[in-house]
Amino acid sequence: MGLKGFVEGGIASIVAGCATHPLDLLKVRMQLQGEANAPKPTANAAVQNLRPALAFQTTSLSAPGSINVPLPPTQAARAGLISVGVRIVQQEGVGALFSGVSATVLRQSLYSTTRMGLYDILKKKWADPKSGNLPLGSKIGAGLIAGAVGAAVGNPADVAMVRMQADGRLPLAQRRNYTSVVDAITRMARQEGIPSLWRGSSLTINRAMLVTASQLASYDQIKETILAKGVMKDGLGTHVTASFAAGFVAAVASNPVDVIKTRVMNMKVEPGAEPPYSGPLDCALKTVRAEGPMALYKGFVPTISRQGPFTVVLFVTLEQVRKLLKDF
């Protein structure tokens, strides 16, 4: 298919990325909750942030002789998907849900276009010339290679996207205030050096390999199984079923790496100061020690909430684009 596969994959990826961007932003914010080196809000701000919208204004027992019982700070780390979303809208406005969307477009244009186009090429090249079938192991292999190459190409946009999505949680004086993905990449290169654009690239590549192998390979395998067993015909129902299942598999496989990637990319390194994390392994160890093993699955609800719709929109759009471009 050559160039055509890249075009089809790119269009589908950009549509899916923009459609699910708010869910991706919520995932990033939840993954950063409880981080040991995160900015600490004042006591009053912490109470205000934790207070439900319809709660009473008092935060401690106020009867004479009673003991004041402040809200424990650890509750902030337990905020759920809806709570985080409501808090962002209340504090930053509805537009904040689309913070970093320009970086999403660039990331999908680089990363997803590359991985999907390359996967399609490898799948066709390795398929049996007579039957056109490709074993599951070969599909996974094609996904691993395609994901690695795509992530290496798209890492600068990935770093910019994470930072732009996370910026709103920082105190005003510490915010980076990038105006666009171009501004983010330019300032990172100028202030922190060009290598900063590939910060966390090992994690990005590992995650992309897991996501691409699990997402694309499982979609193809599940779709082929459904059609082979005659459960459904090749149509929208089959595409939605196979893509949602593929999204779940990808979310389970990639979430731990995604948490560490988010934290490494978002860390703020002051000149002359020691970085919060020396690398991915250090970040993983500090996260587990401080917050427990399940911290690696922080943000799983928004991850699956985003990965499911993203994968559905991705493959349904891809199938429709393929139909439109089949004669080209």
Worksheet item: How big is D for the chain, in µm² s⁻¹ as a whole number, if Stokes-Einstein is applied with the Kirkwood radius of its Cα pairs at 4 °C and 1.567 mPa s?
Response: 61
Discussion item. As a quick test, which of the pairs Lys4/Lys124; Lys130/Lys233; Lys124/Lys233; Lys4/Lys326; Lys261/Lys298 have an alpha carbon distance above 18 angstrom in this structure?
Written reply: Lys130/Lys233; Lys124/Lys233
Worksheet item: Taking +1 at the Cβ of each Lys and Arg and -1 at the Cβ of each Asp and Glu, which of Asn206, Ala127, Pro256 sits farthest along the dipole of the chain towards its positive end, judged by Cα position relative to the Cα centre?
Response: Ala127
Practice prompt. May I ask for the angle, rounded to the nearest 10°, between helix 236-266 and the longest principal axis of the chain, with both axes built from Cα atoms and the value confined to 0 to 90°?
Written response: 50
Practice prompt. Roll a 1.4 Å probe over the protein chains and send me the accessible area per residue for the chain in Å².
Written response: 48
Worksheet item: So which residue, out of Met267, Met116, Met30, gets the largest mean-square fluctuation from a GNM of the chain using Cα contacts under 10 Å as springs?
Response: Met267
Worksheet item: Can you list the aspartates and glutamates whose alpha carbon sits under 14 Å from that of Lys223, skipping same-chain ones fewer than 8 residues off?
Response: Asp234, Glu319
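Can you order the peptides 8-17, 170-179 by their average number of other Cβ atoms within 10 Å per residue, highest first? Intermediate values should be presented prior to the final figure.
On the way: 8-17: 23.1, 170-179: 12.3.
Those peptides, ordered most packed to least, come out 8-17, 170-179.
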Worksheet item: Roughly speaking, to the nearest percent, how much of the chain's 1.4 Å accessible area is carbon and sulfur?
Response: 66
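In debye to the nearest 20, how big a dipole does the chain give about its Cα centre with +1 on each Lys and Arg Cβ and -1 on each Asp and Glu Cβ? Provide the component values of the computation, followed by the final result.
Numbers: 35 positive and 20 negative charges, 26 e Å.
Dipole of the chain, to the nearest 20 debye: 120 debye.
The values are calculated or read from the model by the stated rules, or taken from the named source; none is laboratory data. Quick caveat: nothing in here was measured; it's all calculated off a predicted structure. Positions of Cβ are backbone-derived with ideal geometry, glycine not excepted, and every protein chain shown enters the neighbour counts. Surface accessibility is based on the protein's heavy atoms, side chains included, excluding ligands, DNA and RNA. Shrake-Rupley method; radii C 1.70, N 1.55, O 1.52, S 1.80 Å.
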